[in-house]
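*Asks:* Quick one: this structure, given as structure tokens, is what I'll be asking you about.
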Amino acid sequence: MNKEVTGTSALQGTITLPPDKSISHRSAMFAALAEGESVIENYSQAADPQSTLSCLRQLGIEIQADGSGTVVVQGAGIGGFREPSEVLDCGNSGTTMRLMSGMVAGAGINVTLDGDASLRSRTMKRVIDPLQEMGALISGRDDNYAPLQISSGGRIRGFRYPLPIASAQLKSAVLLAGLYGEEPTEVVETIPSRDHTERLLQLPSESFGTGIVIRSSRSHLVPQQNYRVPGDFSAAAFWLVAGAIHPNSEIVLHDVGLNPSRTAALLILQEMGADIEIEKSDTAGPEPMGRVTVRSSGLRAISLDPALIPNCIDELPIIMIAMSFAEGRSEIAGAGELRHKETDRLRAMSNLLETAGERFEVSESGILIHGRGNHRPEPGIFESEHDHRIAMSAAVMGLMADGTSSVLNAECTSISYPGFWSDLELLSQ
Ligand code: S3P
């Protein structure tokens, strides 16, 4: 499916965001690891978190989902998974594959994890290596790629693991495998990445040098997951940028997840001069949320602090769009991880910016953007490369263009944001 997007004279309205993808995955996985029933409200209907539900069902977990977002999971406890008769299909979801690897590493069952062509091309060595070191019997195609094979007979030993990459998926895979060990697993994190796993599992942590050490072990009791999943900040980021760069806009976003390990894009956009108002809600729960309003703003260029990158890794494509509409030269450095996402996002964004006639220089791990301030880019035919975040970035570029653009293979937005195109229509006037 291709979508046409026409430059709009105004962007106005109120949006209910899709539920957070990262938290949805974890809420269901951790509910499966808990003893007894968990009730999760506002679980995401997007394709990736649905892949997690189907994998859990194949592992023998009873799950009722009524289609309205309420999901009831009968937890089997640590070690309670059933050996699946078929390959677990993780679809397009790196989070499903990497976290699931840790979750079944010590379960004493044989499991094969596979995915689509994009997922099969993404490196899994980052989880294979530490899980093997912990005693799991895990292997991948060419020692690096899906399908991943996990065999019964491994015995998990706790170990101390300084994270070599600031990756929440890697951190979570190791901590989940650690739940099978007698001795604690200690993950040492010096550059903070999203901390949903630690929050939802209530894992103990303490400061360690300039970072923290987080622990998990067999003696840890996995809490039930009775809560409401907040709106996805990563989805909100598309509207925050669209609202800031469009000259006639006011967009209100409700129940946005505001976990500080996810919201660096807010700080970055505010530093660029974006007019963003945040009202935190006082609802209790493991994840903070609130209402965010964005209005038209004149943006200035910035050099992004590389230490913030893990806290805005999924927002970097849309931040590049914001930089194209700022006055002057902006820089993102130290973002080589973008090359390991659903697509090589540095390459995909270079193609998008070039199609729109923007000026930039891309390197192996970053990009320099010579922002043209408030302007109408050229409409174009934008390749999504089947990557949801590239498709949504192209759509925001299209809303600013002088004419009608096309986004190719636009259905991929359903990976994280099934209502994206109807929300775009609702806001455009
Ligand atoms: C995620 C972590 C990030 C992010 C992905 C979701 C998670 O990946 O890009 O979309 O839910 O843990 P890395 O932790 O590998 O950077």
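The values are calculated or read from the model by the stated rules, or taken from the named source; none is laboratory data. From a predicted model like this one, the values you see are computed outputs, not experimental measurements. Note that we place each Cβ from the backbone using ideal geometry, even for glycine, and neighbour counts take in every protein chain shown. Just so you know, the surface numbers come from the protein's heavy atoms only, side chains and all, with ligands and any DNA or RNA stripped out. Shrake-Rupley method; radii C 1.70, N 1.55, O 1.52, S 1.80 Å.
*Asks:* Here is a list of conditions, (1) outside any helix (DSSP H, G or I); (2) out of contact with any strand residue (DSSP E or B) (no Cβ under 7 Å at 6 or more places or on another chain); (3) touching a residue at least 60 places away in the same chain (Cβ under 8 Å), and Tyr43 meets all of them except one; can you say which number that is?
*Replies:* Only one criterion is unmet by Tyr43, namely (2).
*Asks:* Still on this structure, please answer the following. Cβ-Cβ below 6 Å, separation at least six or inter-chain, first residue in segment 157-173 and part of a loop (DSSP other than H, G, I, E, B) and of a type in the set (A, V, I, L, M), second within 12 Å of the ligand (Cβ to nearest atom) and open to solvent by 50 Å² or more (accessible area, probe 1.4 Å): which pairs?
*Replies:* Partner pairs satisfying both residue conditions: Ala166/Ile191.
*Asks:* Additional query: So if I check each of Gly79, Gly7, which one is under 23 Å from Ser139 (Cα atoms) and open to solvent by 10 Å² or more (accessible area, probe 1.4 Å)? Spell out the reasoning first.
*Replies:* On the way: Gly7 fails: under 23 Å from Ser139 (Cα atoms).
Going through Gly79, Gly7 in turn, just one is under 23 Å from Ser139 (Cα atoms) and open to solvent by 10 Å² or more (accessible area, probe 1.4 Å): Gly79.
*Asks:* Tell me which residues, restricted to segment 174-202, are under 26 Å from Asp114 (Cβ atoms) and assigned to a loop (DSSP other than H, G, I, E, B).
*Replies:* Within segment 174-202, Leu179, Tyr180, Ser193, Arg194 qualify.
*Asks:* Give the residue that is nearest to the ligand (Cβ to nearest atom), with candidates limited to residues of segment 57-74 that are small (Gly, Ala, Ser) and open to solvent by 20 Å² or more (accessible area, probe 1.4 Å). Spell out the reasoning first.
*Replies:* Step one: of segment 57-74, the residues small (Gly, Ala, Ser) are 60, 65, 67-69.
Then keep just the ones that are open to solvent by 20 Å² or more (accessible area, probe 1.4 Å); that gives 60, 65, 67-68.
Numbers: Gly60: 24, Ala65: 20, Gly67: 23, Ser68: 23 Å.
Going through the qualifying residues, I end up with Ala65.
*Asks:* Considering each of Ile367, Ile318, Ile302, Ile390 in turn, give the residue that is open to solvent by less than 10 Å² (accessible area, probe 1.4 Å), of a type outside the set (Ser, Thr, Tyr), modelled with pLDDT of 95 or more and under 26 Å from Thr190 (Cβ atoms).
*Replies:* Details: Ile318 fails: under 26 Å from Thr190 (Cβ atoms); Ile302 fails: open to solvent by less than 10 Å² (accessible area, probe 1.4 Å); Ile390 fails: under 26 Å from Thr190 (Cβ atoms).
The match here is Ile367.
*Asks:* Here's a follow-up. May I ask you to list the residues in segment 359-377 that are part of a loop (DSSP other than H, G, I, E, B) and in contact with a strand residue (DSSP E or B) (Cβ under 7 Å, 6 or more places away or on another chain)?
*Replies:* Residues satisfying the conditions are Gly366, Gly373.
*Asks:* Hey, can you tell me all the residues within segment 96-121 that are within 17 Å of the chain's Cα centre (by Cα) and either free of Cβ contacts under 8 Å to residues at least 24 places away in the same chain or open to solvent by less than 10 Å² (accessible area, probe 1.4 Å) (or both)?
*Replies:* Selection gives Thr96, Met97, Arg98, Leu99, Met100, Leu119.
*Asks:* Restricting to segment 125-153, count the residues that are over 25 Å from the mean Cα position of the chain (by Cα) and part of a helix (DSSP H, G or I).
*Replies:* Looking only at that region, the number is 2.
*Asks:* Six or more apart or on different chains, Cβ atoms under 6 Å: show the pairs whose first residue is in segment 332-345 and of a type in the set (Lys, Arg) and whose second is assigned to a helix (DSSP H, G or I) and within 12 Å of the ligand (Cβ to nearest atom).
*Replies:* Final answer for the pair search is Arg345/Pro317; Arg345/Leu338.
*Asks:* With the requirement that a residue be under 24 Å from Asp20 (Cβ atoms) and of a type in the set (A, V, I, L, M, F, W, C), what does segment 177-220 give you?
*Replies:* Correct list: Ala177, Leu179, Val187, Ile191, Leu200, Leu201, Leu203, Ile212, Ile214.
*Asks:* Assess whether Ser139 counts as being open to solvent by 10 Å² or more (accessible area, probe 1.4 Å) and either away from the ligand (no atom under 15 Å from the Cβ) or under 24 Å from Gly91 (Cβ atoms) (or both). Even if it seems obvious, please write down each step before you answer.
*Replies:* On the way: open to solvent by 10 Å² or more (accessible area, probe 1.4 Å): yes; either away from the ligand (no atom under 15 Å from the Cβ) or under 24 Å from Gly91 (Cβ atoms) (or both): yes.
Criteria met by Ser139.
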